[in-house]
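K.L.:
After the structure tokens below, expect a handful of questions from me.
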Amino acid sequence: MNANLAAVLYLVAGVLFILSLRGLSSPASSRQGNLFGMVGMAIAVATTLASHPPADGLAWVLVILGIAIGGGIGAVIARRVPMTSMPELVAAFHSLVGMAAVLVAAGAFYAPEAFDIGKPGQIHAASLIRLVHKLDVRKRAAHNKKRVTIFHRLLRGQSTKESDPPCGVRTIVWNASLP
């Protein structure tokens, strides 16, 4: 796929995501917001698969299997969770997004060739700086731990205020154990 076409398609997907958020701000426009979000994600996934297709048949099977499993889990959860539990659902899904960011950052650090940023032990300096600043594993892991804590507090009906004390020694040990 042409790089310019891919850039335009990603731009269209981004605009649809913004319109989706705008639509989700009101119950009257929430269906349209959901539609914009679904179309935007379909464009983004199709563009990614067209511009960087999986290498062989097994890779395609794994991509399709991942989409089916993730979509199936999402559909089941969306059907089972009542509207009154939406804050908990959003907190749970945000923690999954945070975990995905942690896994991508760790993958880029441990397999830099897959991300075109160098070889293990020899990551290009500019790529390493970009990786550290944009995909800081420790920071994202700690932030994800906070999201999971908020999810658990919402489930128990507890406060989720920012003024709550930090998690303590376990968080320090967890952050120190990360690469």
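The values are calculated or read from the model by the stated rules, or taken from the named source; none is laboratory data. Small disclaimer: the values here were computed from a predicted structure and weren't measured. FYI the Cβ positions are ideal-geometry reconstructions off the backbone, even for glycines, and counts take in every protein chain you see. These area figures cover heavy atoms from the full protein model, side chains too; ligands, DNA and RNA do not enter into them. Shrake-Rupley method; radii C 1.70, N 1.55, O 1.52, S 1.80 Å.
K.L.:
Out of the residues in the range 23-45 meeting the condition of being open to solvent by 90 Å² or more (accessible area, probe 1.4 Å) and of a type in the set (Gly, Ala, Ser), tell me which one is modelled with the lowest pLDDT.
P.N.:
Going through the qualifying residues, I end up with Ser25.
K.L.:
Let me spell it out: the conditions are (1) touching a Phe, Trp or Tyr at 6+ places or on another chain (Cβ under 9 Å); (2) part of a helix (DSSP H, G or I); (3) surrounded by 13 or more Cβ atoms within 10 Å (Cβ to Cβ), and Val63 meets all of them except one. Which number is the exception?
P.N.:
Single failed check for Val63: (1).
K.L.:
Looking at Ser25, Ser30 in this structure, which one is in a helix (DSSP H, G or I) and of a type in the set (Ser, Thr, Tyr)?
P.N.:
Selected residue: Ser30, the only one of Ser25, Ser30 that is in a helix (DSSP H, G or I) and of a type in the set (Ser, Thr, Tyr).
K.L.:
Kindly evaluate Pro54 against the criterion of being more than 17 Å from the chain's Cα centre (by Cα) and not in a helix (DSSP H, G or I).
P.N.:
Criteria met by Pro54.
K.L.:
Would you tally the residues in the range 10-22 being buried (at least 17 other Cβ atoms within 10 Å of the Cβ) and either among the small types (Gly, Ala, Ser) or outside any helix (DSSP H, G or I) (or both)?
P.N.:
2
K.L.:
How many residues, within the range 78-110, are part of a helix (DSSP H, G or I), of a type outside the set (Gly, Ala, Ser), open to solvent by 40 Å² or more (accessible area, probe 1.4 Å) and out of contact with any helix residue (DSSP H, G or I) (no Cβ under 6 Å at 6 or more places or on another chain)?
P.N.:
13
K.L.:
Separate question: State yes or no: is Leu58 of a type outside the set (Gly, Ala, Ser), open to solvent by 80 Å² or more (accessible area, probe 1.4 Å) and closer than 19 Å to Ala44 by Cα?
P.N.:
In short, no.
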